[in-house]
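**Q** Here it is, the structure in full.
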Amino acid sequence: MSEKKSKRDDEKRDLIIFLSQFDLSSSKIEQILDKLGEKATIEKFKKFNFVKDKILTSTTYSKIIENADEVVLKTYLSNLENRGIKIVTKADENYPKKLLELPDSPYILYYMGDLSLADEPSLAVVGTRKPTNYGKLNTEKIVREVAGAGVVIVSGLAYGVDSIGHRACLEAGGKTIAVLGCGFDNIYPAEHTSLAKEIAQKGLLISEYRPKMKATKYTFPTRNRIIAGLSDGVFISEAGFKSGTIHTKDFALDYGRNIYSLPGNVDSIASELTNDIIKRGHASMVTRSSDILEDYHLEEGVEQTKMAIDGLSEDEEKIVEYLKSGAKTIDQLTENLEISINNFNTCLTTLEIRGIIRRMSGGYISLN
Amino acid sequence: MYSKVYSYGLKGIDGYPVEVETDVSNGLPHFEIVGLADTAIKESKERVKNAIRNSAFTYPVKKITINLAPADVKKEGALYDLPIAVAILSCDEENEVKHEKDYVYVGELSFDGSVKKVKGILPLLISARKLGYKKFIIPYENLQEASFISGIEVYGVKSLIQTIAFLRGDEELMPVEPCKFEEVKKFGQMGMDFCNVKGQKMAKRALEIAAAGGHNLLMIGPPGSGKSMLAKCFPSILPDLTFDEALEVTKIHSIAGELDQKLGIVSTRPFRSPHHTASTVSLTGGGSNSKPGEISLADHGVLFLDEFPEYTRHSIETLRQPLEDGVITVARSNATVVYPANFTLIASMNPCPCGNYGSKDRECRCSPTQITKYLAKLSGPIMDRIDIHIEVENVTYDQLKSDTLEESSAEIKKRVDRAREIQIERFSGANNFCNAKMNASQTRKFCKLDRAGEVLLRQAFDRLKLSARAHDRILKVARTIADLEGCETIQMKHLGEAISYRTLDRKYWH
C-alpha cells in the first residue's frame with residue numbers, strides 16, 4: 001500500500017515540477033490538481049481540456065501541451081541537479097511543516113542549503129529598504145542577540161533591514177533563511193549575489209520561482225507570504241506606511257504569527273508603520289532582545305559580546321561617557337569635550353577598532 | 001630684395017625658432033605667405049598692409065612672398081605680424097632699417113600701427129633663452145611678464161613706428177628692468193581665510209593634512225554644509241609658490257592667455273574650479289590649437305571639482321594619468337603635447353543624488369539603486385588616488401553665531417610650511433617633493449611602523465573592513481601627520497588618525 005502511495009506521490013511531484021516551469025500561481029496548480037483527482041500524472045494532464053474549464057488561457061495551455069514530455073522534464077531536472085539546486089514539493093515529506101498551515105502554501109520550492117532549518121524556531125526580520133541610523137543599529141543589535149540564542153532569522157535579501165538582518169545573523173554565527181522574490185539566476189538586488197551565496201552555504205536560500213524567473217512587482221508581495229509563513233514571529237524594525245513590509249504584516253496577522261515591533265520617534269517617517277501597529281495592538285513592543293526571546297522560551301545568547309570598557313585613555317573615556325546620551329556628530333563631540341581634533345581622530349579609531357563605538361552615515365558617532 | 005628676421009613659435013609649453021624670410025620682387029602686386037600658416041597668420045596680410053600704410057611708410061606695390069621656416073611645422077597665432085612687417089620694410093632701402101640679425105620679434109599689429117599683446121610670451125622667452133637668443137622685441141603690454149627672466153635683453157614697443165625708429169637708431173629704448181618675484185608676491189590674492197569658517201574642525205584638520213602632504217581629498221556631505229567654502233579657503237594654507245614653480249605655472253597661464261598682465265607672473269597657487277558640465281577636452285587640454293586645459297592651469301595649485309559624481313565618467317577617468325604622473329599627454333593627429341598637471345585634487349560630493357542620505361532631520365528621496373549608481377560613478381582606480389575622505393556635516397545655527405575665534409589661515413600655514421620643509425629635506429635628490437607622491441619603495445623606506453603600529457593596522461583592516469588599496473594611502477597620510485608634529489617615526493596616534501580618514505572604504509557606507 002505504502003509503495004503504491006509513494007509512486008503516486010512521485011508522479012504528482014513530477015507534475016508539479018513540470019507545471020512550475022510555466023510560472024503558474026499556486027492557486028492555478030491547486031485547481032489543476034483538484035481536477036485531476038487522486039492520480040495526477042503528466043499523461044492524465046494531457047487528456048483534460050483546461051481551456052474549456054477556464055483554468056488556463058489557450059496560449060499557456062498549448063505551450064504546456066507542446067512541452068509535455070518526459071525528456072523535457074528530465075533535462076530540466078538534471079540541469080537543476082548539476083547546479084546544486086534542489087526541489088521540495090508539497091507532495092514531499094520534507095516539505096516545511098509551517099508552510100502547510102498556509103491557505104495558499106506554495107506547491108513547489110527551489111532551494112539551496114539546509115532545508116531542515118525551515119522547521120526550526122525562527123524569526124522573520126523585515127522592514128524598510130532605507131533604515132535610519134537608529135533602525136540599523138537596533139536591528140543589528142537585536143538580531144545578533146536573537147540569532148545568538150539559536151533562533152533562525154528569516155528575511156528577503158532586499159536592501160536595508162533585510163540584508164542587515166542576514167548579515168548580523170551570519171556575523172553572530174547564527175543560521176539564516178533568505179526567501180527570494182525571483183529565480184536563482186536573477187538575484188535581486190544583484191549586489192547581494194555574494195550574500196546569497198554565503199547564505200546558500202551556511203543557511204538556506206529559498207524561492208518558489210524557477211531559476212530563470214525575473215523579479216516583478218507582483219513576486220515580492222507573494223514572496224512575503226512565505227517569509228511570514230516560514231517564521232514563528234515577525235520582527236518589524238522600521239517601516240513607513242508606503243513600505244512593502246505592510247504585506248508581510250498582513251500575512252503574519254492572517255497566519256496568526258506573533259508580530260514584534262521596534263518603537264521609533266513619533267515624527268520619524270521611517271517608524272510610521274511600526275508605531276502604528278504597536279498602538280493598534282497588532283504588535284508587541286520590543287525594546288530589548290529578551291522581549292522576543294521570552295516567547296521562544298530562550299535566554300539571550302551566551303555569545304553576547306559585552307565590550308570590555310576598561311583600559312581606556314582619559315580622552316577616550318570622556319568620549320564614551322558623552323556618547324551614553326545618544327549618537328552625536330563629530331563637531332558636537334569636539335566642542336563639548338574640548339579634545340583637540342587630531343587627538344580625537346586617534347581616539348575614534350582605537351575605540352572603533354575595539355568595537356566600542358561605531359561611525360554612522362551623516363557623520364554621527366554612536367556607542368555600539 | 002630679400003631679408004630675414006627671427007621670430008618664435010610655441011608648441012605646447014616649449015618653443016622653436018621661426019625664420020621669417022621675405023622676398024620683394026617686381027611683378028604684379030601680390031602678397032603670399034607660405035610655411036603651414038593657420039588662418040590667423042594668413043589674415044595678417046591685411047593687418048600688416050594697413051599697419052604699414054597707416055604708419056606713413058610706403059607699402060611696396062610689388063610681388064611679396066613670405067616664408068615661415070621651418071616649413072613643415074604648423075604655425076598658429078597672430079604673433080608673426082610684427083616680424084613680417086619689419087621684414088617687408090627692411091627690404092626697401094628707403095626705410096633705412098638696419099636691424100640687427102639677432103633680434104627676435106613677436107607682436108600683433110593693429111590697423112593703426114600699434115603693437116598689441118600676444119599670448120605665451122613667458123614660455124617663449126624661456127625657451128629662446130635656452131637656445132641662446134639674447135635680444136627680443138616684444139609688445140609693450142607683455143613687458144611685465146618678461147621682466148622675471150634674467151640674462152636677456154627685452155625691449156617693449158608700442159607701435160610699428162617706434163619699432164622702426166628704434167631700429168634706425170632714431171629713438172632709444174631701455175631693456176626691461178628685472179623684477180623681483182618677492183615684490184610681486186605680496187600683491188597676490190590669497191583667497192578666503194579659514195577664520196571665517198565656523199565649526200567644521202574635522203574638515204579643517206583634514207585640509208591641513210592635505211596641504212601639508214599634497215594629498216588629494218574628497219569631502220562628502222549634504223548640500224549647504226560648506227564644502228565649497230572650505231575648498232576655497234584651501235589655497236590660503238598652501239605653502240608659497242617658489243620662483244621656479246611660479247615660472248612653470250605662468251608659462252601655462254601665459255599660453256592660455258589667462259595671465260594678469262599687471263603682475264606678469266602667477267604669484268599665488270592657482271585655484272581652478274571647472275563646472276561639472278565641462279567637456280573632457282576643456283579639462284585635459286588639446287583641441288585643434290592645443291590649449292592647456294583646466295587641470296594644467298591648476299598646476300602647482302588646486303583643482304576643485306564640486307559635485308564630483310556629476311562630471312561625465314569619461315572626464316573623471318581622464319584624471320587618472322595626471323593624478324599619477326603629474327603630467328597630461330595630449331595626442332592629436334598633428335602633434336603630441338605634454339602639459340604639466342601637478343595639482344592637488346579637492347573633490348566634493350553629496351552622499352546621494354538628493355543629498356540627504358544619512359541626514360537626521362531631512363528625508364532622503366533616493367532609491368537604494370540610485371544611491372549605489374551615484375557612488376559607483378567613482379571607480380576604484382580614481383578612489384585609489386584619493387588619500388583622504390571625510391564627511392562634512394551641516395553647521396548648526398549656534399555654531400554659526402558663536403563668537404569663538406577660529407584659527408586663521410596664517411597660523412595653519414605656519415604648521416604646513418614646517419611639515420613641507422621636512423619633506424623637502426627628506427626627498428632632496430628624488431624628484432618628488434611631498435609625501436603624497438611617494439612611490440612604493442619610498443613608502444617602504446620612510447613609513448616604517450613599529451610593532452604596535454603594525455598591530456593597530458592589522459586590527460583596523462580586520463575590524464573596520466578596510467579595502468586593501470587603503471594600506472599605502474594610510475601610511476602616506478600617517479607620514480604627513482607625523483611630519484606636522486615634527487616626529488621622525490610614525491607613532492600609534494598618527495596611524496590612528498590616518499585610519500579615520502578612510503570613510504569610503506568602510507562597509508557601513510552601503
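Computed from the coordinates by the stated procedures, all read-outs in this text should not be read as laboratory data. The structure presented is a predicted model; accordingly, all values stated were derived computationally and were not measured. Cβ coordinates were reconstructed from backbone atoms using ideal geometry, including for glycine residues, and neighbour counts include every protein chain displayed.
**Q** Compute the distance in nm between two label points, each set 7 Å from the Cα along the Cα-to-Cβ direction, one at A:Asn336 and one at B:Cys195.
**A** 3.0
**Q** Based on the Kirkwood radius over alpha-carbon pairs, what value in µm²/s does the Stokes-Einstein equation return for the translational diffusion coefficient of the range B:368-468 at 37 °C and 0.692 mPa s?
**A** 180
**Q** Give the average, rounded to an integer, of partner chain Cβ atoms located within 10 angstrom of each Cβ in A:182-192.
**A** 1
**Q** Let me ask you something else. Quick one: work out the % antiparallel among DSSP beta bridges in the range B:2-168, nearest 5.
**A** Just about 55 percent of them are antiparallel.
**Q** Expected output is a single nm value to one decimal: the length gained when fully extending between B:Lys180 and B:Arg418, i.e. 0.36 nm times separation in residues minus the C-alpha distance. What is it? Could the numbers behind the result be given before it?
**A** Details: separation 238, 0.36 × 238 = 85.68 nm, distance 2.45 nm.
Gain in length upon complete extension: 83.2 nm.
**Q** Over every pair of different alpha-carbon atoms in chain A, take the mean of 1/r and invert it; report that Kirkwood radius in Å.
**A** It works out to 22.7 Å.
**Q** I would also like to ask the following. If I take every Cα pair under 8 Å that is 6 or more residues apart in chain B, average their sequence separation and divide by the length, what percent do I get for the relative contact order?
**A** Contact order relative to length: 13 percent.
**Q** Please give the peptides A:142-152, B:9-19, A:43-53 ranked by average Cβ packing (other Cβ atoms within 10 Å per residue), highest first, as a rough proxy for protection.
**A** Averaged packing, sorted descending, gives the order A:142-152, B:9-19, A:43-53.
**Q** Going by average Cβ neighbours within 10 Å, how do the peptides B:497-504, A:27-34 rank, with the highest at the top? Mind dumping the intermediate values first?
**A** Values: B:497-504: 24.4, A:27-34: 16.6.
Descending mean neighbour count gives B:497-504, A:27-34.
**Q** Determine the shielding of peptide A:329-337 by partner chains: average, over its residues, the number of Cβ atoms on other chains within 10 angstrom of each Cβ.
**A** Average per residue, whole number: 5.
**Q** Spin-label point model (7 Å from Cα, Cβ direction): what's the A:Lys217 to B:Tyr397 distance in nm?
**A** Output for this residue pair reads 4.3 nm.
**Q** Here is a follow-up. So what are the radius of gyration and Dmax for the Cα set of the range A:2-82, in Å?
**A** 12.7, 38
**Q** Would you mind giving the mean number of other chain beta-carbons within 10 Å of the Cβ of each residue in B:480-492, as a whole number?
**A** 1
**Q** How far is helix B:470-485 tilted, in degrees, relative to the longest principal axis of the Cα atoms in chain B, given as a value from 0 to 90 rounded to the nearest 10?
**A** Around 80 degrees separate the two axes.
**Q** For the range B:194-410, what class follows from the C-alpha gyration tensor (a ≥ b ≥ c being the square roots of its eigenvalues): rounded when a/c is under 1.5, otherwise prolate if a/b is larger than b/c, else oblate?
**A** Details: a/c = 2.35, a/b = 1.32, b/c = 1.79.
Cα axes put the range B:194-410 in the oblate bin.
**Q** Report, in whole Å, the centroid distance computed from the Cα atoms of the range B:216-243 and the range A:152-209.
**A** 43
**Q** Another question about this same structure. Using only the Cα atoms of the range B:438-510, what do you get for the radius of gyration and for Dmax, in Å?
**A** In order Rg, Dmax, the Cα atoms of the range B:438-510 give 11.8, 38 Å.
**Q** Comparing A:Ser340, A:Ser116, A:Ser26, which has the greatest mean-square fluctuation in the GNM of chain A with Cα pairs linked when under 10 Å apart?
**A** A:Ser340
**Q** If you don't mind, there's one more thing I want to ask. Just from its helices, what would the mean residue ellipticity at 222 nm be for chain B, if runs of 4 or more DSSP H residues each count -39500 (n - 2.57) and the sum is divided by every residue, rounded to the nearest 500 deg cm²/dmol?
**A** Values: 22 runs with 189 residues, N = 510.
Estimated from H runs of four or more residues: -10500 deg cm²/dmol.
**Q** Continuing with the same structure: So if each residue of separation counts as 0.36 nm, and I subtract the Cα-Cα distance between B:Glu32 and B:Ser408, what length gain in nm does that give? Write out the running numbers ahead of the final one.
**A** Values: separation 376, 0.36 × 376 = 135.36 nm, distance 6.19 nm.
My answer for the length gained is 129.2 nm.
**Q** Also, I was wondering about something else. Mind jotting down a quarter of the surface of the convex hull over the alpha carbons of chain B, in square nanometres, one decimal? Display every interim value, and only then the final one.
**A** Working: hull surface 110.8 nm².
About 27.7 nm², averaged over all directions.
**Q** How tilted is helix A:245-255 with respect to the longest principal axis of chain A? Cα atoms for both, answer in degrees (0 to 90, nearest 10).
**A** 60
**Q** Next question, about the same structure. In degrees, nearest 10, range 0 to 90: what is the angle between the Cα axis of helix A:58-67 and the longest Cα principal axis of chain A?
**A** For A:58-67 against chain A, the angle is about 80 degrees.
**Q** Hey, with R₀ at 41 Å, roughly what FRET efficiency would B:Asp170 and B:Phe111 work out to, going by the Cβ-Cβ distance, to 0.05?
**A** Using R0 = 41 Å, I get an efficiency of 0.95.
**Q** Something else now. Hey, how many Å between the Cα centroid of the range A:311-328 and the Cα centroid of the range A:255-303?
**A** If we compute the Cα centre of each part, the gap is 29 Å.
**Q** Counting other beta carbons within 10 Å of each Cβ, put A:His247, A:His282, B:His253, B:His275 in order, fewest first.
**A** Lowest to highest Cβ neighbour count: B:His275, A:His282, A:His247, B:His253.
**Q** Please list A:342-352, A:223-233, B:483-493 highest first by mean number of surrounding beta-carbon atoms within 10 Å per residue. If you can, show how the numbers build up before the last one.
**A** Details: A:342-352: 23.2, A:223-233: 25.2, B:483-493: 16.8.
Per-residue Cβ counts within 10 Å, averaged per peptide and sorted highest first, yield A:223-233, A:342-352, B:483-493.
**Q** Can you tell me what share of the DSSP beta bridges in chain B is antiparallel? A percent to the nearest 5 is fine.
**A** In chain B, approximately 45 percent of DSSP beta bridges are antiparallel ones.
**Q** Taking every DSSP beta bridge with both residues inside the protein assembly as shown, roughly what % is antiparallel (nearest 5)?
**A** Taking every DSSP beta bridge within the protein assembly as shown, about 45 percent pair in antiparallel fashion.
**Q** Next up: Taking the Cβ of each residue in A:Ser290, A:Ser122 as the centre, tally the other Cβ atoms inside 10 Å and list the residues starting with the fewest.
**A** Ascending Cβ contact count within 10 Å gives the list A:Ser290, A:Ser122.
**Q** Let me ask something else about it. By how many nm would the segment from A:Ile65 to A:Lys141 grow when fully extended, if each residue of separation counts as 0.36 nm and the alpha-carbon distance is taken off?
**A** 22.1 nm
**Q** Could you list B:Tyr357, A:Tyr188 so that the one with the fewest beta carbons within 10 Å of its beta carbon is first and the one with the most is last?
**A** So the residues, fewest neighbours to most, are A:Tyr188, B:Tyr357.
**Q** Now a separate question. What Kirkwood radius, in Å to one decimal, follows from the Cα pairs of the protein assembly as shown?
**A** 32.9
**Q** Report the local net charge at A:Gly160: Lys and Arg +1, Asp and Glu -1, summed over other residues whose C-beta lies under 10 Å from its C-beta. Spell out each step's value before the answer.
**A** Working: positive: A:Arg129, A:Lys130, A:Lys136; negative: A:Asp162, A:Glu238.
In short, +1.
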